[in-house]
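Enquirer: I am attaching a structure below and will ask some questions about it afterwards.
The values are calculated or read from the model by the stated rules, or taken from the named source; none is laboratory data. Everything quoted here is computed from the prediction, not taken from an experiment. A quick note on method: Cβ atoms are made from the backbone with ideal geometry, for glycine too, and the neighbour counts reach across all protein chains shown. Quick note on the areas: whole protein, heavy atoms, side chains included, nothing else; ligands and nucleic acids left out. Shrake-Rupley method; radii C 1.70, N 1.55, O 1.52, S 1.80 Å.
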Amino acid sequence: MSRYRTNTCGELNIKNVGETVKLSGWIQKIRNLGAMTFIDLRDEFGITQVVMENQDKFDMIKPNLTTESCIMIEGAVVERTNKNDKIQTGEIEVVADKIEILGKCKNVLPFETTQDTLSNVREDLRLEYRFLELRNEHIHNNILLRSNIMKTLRNKMDELGFTEIQTPILANSSPEGARDFLVPSRIHPGEFYALPQAPQQFKQLLMVSGFNKYYQIAPCFRDEDPRADRAPGEFYQLDFEMSFADQEDVFKVLEEVVPEVFEKFTSWKVDKGPFIRIPYREAMEKYGIDKPDLRNPLIIYDVTKVFENTEFNAFKNKTVKVIAVDMKEELPRKFFDNMSEFAVNELGAKGLAWVKLDGENNLNGGISKFISEEQKEEIIKIASANKNSAMFFIADEFSNAQKIAGGVRIELGKRLDLIEKEVYKFCLIVDFPMYELSDEGTIDFNHNPFSMPQGGMKALEEKDPLDILAYQYDLVCNGYEMASGAVRNHDPELMVKAFEIAGYTRSDVENRFGALFNAFQYGTPPHAGAAPGLDRMVMLIANEDNLRGVIAFPKNKKARDLLMRAPSTVSDGQLKDVHIKLDIEE
């Protein structure tokens, strides 16, 4: 038996009446009624009401009993006269015979940890005192949920025959789409480790090593700007790889593991496999984004040809997209003005044109006077518009028009409350382009540089690089990219050719990916894998809109850890040890 407790604060009930118990926890609330003082004692498991009846006995300790102080009490369990059906222990209370302060809390808290007050506290203050914020029941339960999800993932991967293997944290720099975090070497002056953006090369080497199926819940490090659905600096993913596997084998694992985990921890409806598969280019055409939220029923249609010979300057020589919305009720002019303002200010659009169809299929408002009867009929047919529909038009250069239309679709779904409630909708985005044009106009990898091109060496040698597709895929859930993966390029000559197209030489490949390139000379099996993001998975299941709600010690929007005060400066001696001199403008 623990010296500090015989029971937790969430397990006592009417059957325990008459027992003498020890409880330890934090003071949630103190109510002094003169003759008696009541304490709500809280731990991870619940709340128990404690009563101090003999006030004189506790005169010495009472001044030190403050909210959020950690105490131990010993006393008898009695039946409550005023029962509380809102808590598990609401039928009983404990009459204290002894109280010991285990850890006194300051009289003045930076903020209260109750849910109704916490939302009004600025985020940076909450993160500075994250240990207090984590006492909040909602956030505390999110971290416990994360732990349970990780256990379930491990159990499921074990069940499917995967072997958990840890890969190095100190690795080599690799061009995987983001900036590396560099770690200077003390014993090798001028040389650096890099924290791995993902265990990509290591897991492929494990396949070359003869391991059949690998997985780990892996930390990944990328020096990227923060945003709501991406933690700055570091994140975790369920990384897995399989030998003698193709794209379909990976999909089967995703379709078995992901829905099972979601179903276990939510009451919402969960899509089962096989998931809908959407080619990348189709996703961009229909949804304007490669991570579409399928809870939103709106579709983007291309009506560029309808306006091919138009004299309407806003549409002339532009790609024109349209989104049709069934109006359940008449939308006021202010709604259209507000949407136009959003498109311009938030999405960078030059404007957002619109028209309304009345019950007789006549066009009204907006740009209706610039649309002929013939054009109207074509648009209605293409966009599947109905009577009493509103239609929103986006005109711009092709890629801009796609992107802006995607943003308009998402915002319309929100403002018109079209998003299906309490459901998780999954889809697989497939057939990603192997390459894309960089901002400088050069050929660059679109996704993962280690992916197998569709068509193999023949495609690399004969096709326009921008027409080559790869066996790359993303798993998307409710508008969030939840996993990414690929069939790997396991042929060394294919690998060299793929990198040459992106501007790397054979020497670059041999130097920067020497271990992988060398290993591929020694009998490499075909292999494929993926990596569902753990943080986003927990965020979705917990129905949070920000990753910081499901990470124990997150960084703020400026990538600072306000609790531990990182990043921070270090001493000149530490810099000297790793052969670094700073070049910083005052």
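Enquirer: ARG222 passes all but one of (1) touching a strand residue (DSSP E or B) at 6+ places or on another chain (Cβ under 7 Å); (2) charged (D, E, K, R); (3) crowded, with 16+ Cβ neighbours inside 10 Å; which number fails?
Expert: (1)
Enquirer: If you don't mind, another one. List the pairs whose first member sits in the stretch 157-170 and is under 21 Å from PHE235 (Cα atoms), whose second member is open to solvent by 70 Å² or more (accessible area, probe 1.4 Å) and not acidic (Asp, Glu), and whose Cβ atoms are under 8 Å apart, counting only residues at least 6 apart or on separate chains?
Expert: Cβ pairs passing all conditions: GLU164/ARG154; ILE165/PHE211; LEU170/TYR193.
Enquirer: Has the stretch 341-349 got at least one residue that is surrounded by fewer than 20 Cβ atoms within 10 Å (Cβ to Cβ), under 38 Å from the mean Cα position of the chain (by Cα), of a type in the set (D, E, K, R) and part of a loop (DSSP other than H, G, I, E, B)?
Expert: Within the stretch 341-349, the subset surrounded by fewer than 20 Cβ atoms within 10 Å (Cβ to Cβ) is 341-342, 344-348.
Now drop any that are not under 38 Å from the mean Cα position of the chain (by Cα), which leaves 341-342, 344-348.
Narrowing further to those that are of a type in the set (D, E, K, R): 341, 346.
In the following step, the residues that additionally are part of a loop (DSSP other than H, G, I, E, B) were identified as none.
No.
Conditions tested, residue by residue: (1) under 30 Å from GLY523 (Cα atoms); (2) out of contact with any Lys or Arg (no Cβ under 6 Å at 6 or more places or on another chain); (3) hydrophobic (A, V, I, L, M, F, W, C).
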site	(1), (2), (3)
LEU134	no, yes, yes
ILE149	no, yes, yes
ILE165	yes, yes, yes
LYS203	yes, yes, no
GLU224	no, yes, no
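Enquirer: Among the listed residues VAL306, VAL257, identify the single one that is buried (at least 18 other Cβ atoms within 10 Å of the Cβ), within 20 Å of the chain's Cα centre (by Cα) and in a helix (DSSP H, G or I).
Expert: VAL257
Enquirer: Kindly list, by first and then second residue, each pair from a residue in the stretch 134-153 that is over 18 Å from ASN546 (Cα atoms) to a residue that is of a type in the set (Ser, Thr, Tyr) and surrounded by 15 or more Cβ atoms within 10 Å (Cβ to Cβ), limited to pairs with Cβ atoms under 6 Å and residues at least 6 apart or on different chains.
Expert: ARG135/THR113
Enquirer: OK, next. Of the residues that sit in the stretch 367-397 and are touching a residue at least 12 places away in the same chain (Cβ under 8 Å) and loosely packed, with under 13 Cβ neighbours inside 10 Å, which one is farthest from PHE312 (Cα to Cα)?
Expert: SER384
Enquirer: Determine whether PRO232 is surrounded by 15 or more Cβ atoms within 10 Å (Cβ to Cβ), modelled with pLDDT of 95 or more, under 30 Å from ASN489 (Cα atoms) and within 17 Å of the chain's Cα centre (by Cα).
Expert: Judged against the criteria, PRO232 is not a match.
Enquirer: Can you give me the number of residues within the stretch 423-450 that are in contact (Cβ under 8 Å) with a residue 40 or more places away in the chain and part of a strand (DSSP E or B)?
Expert: 12
Enquirer: If you don't mind, there's one more thing I want to ask. Being more than 30 Å from VAL355 (Cα to Cα), among the β-branched types (Val, Ile, Thr) and either open to solvent by 50 Å² or more (accessible area, probe 1.4 Å) or without any contact (Cβ under 8 Å) to a residue 24 or more places away in the chain (or both), is that true of even one residue in the stretch 271-289?
Expert: yes
Enquirer: Can you give me the number of residues within the stretch 72-128 that are within 26 Å of the chain's Cα centre (by Cα) and not small (Gly, Ala, Ser)?
Expert: 15
Enquirer: Shifting gears a bit: Taking strands (runs of 3 or more DSSP E) that do not extend beyond the stretch 44-138, which have at least 1 residues that are open to solvent by 70 Å² or more (accessible area, probe 1.4 Å)?
Expert: Fully inside the stretch 44-138 and qualifying: 70-79, 92-103.
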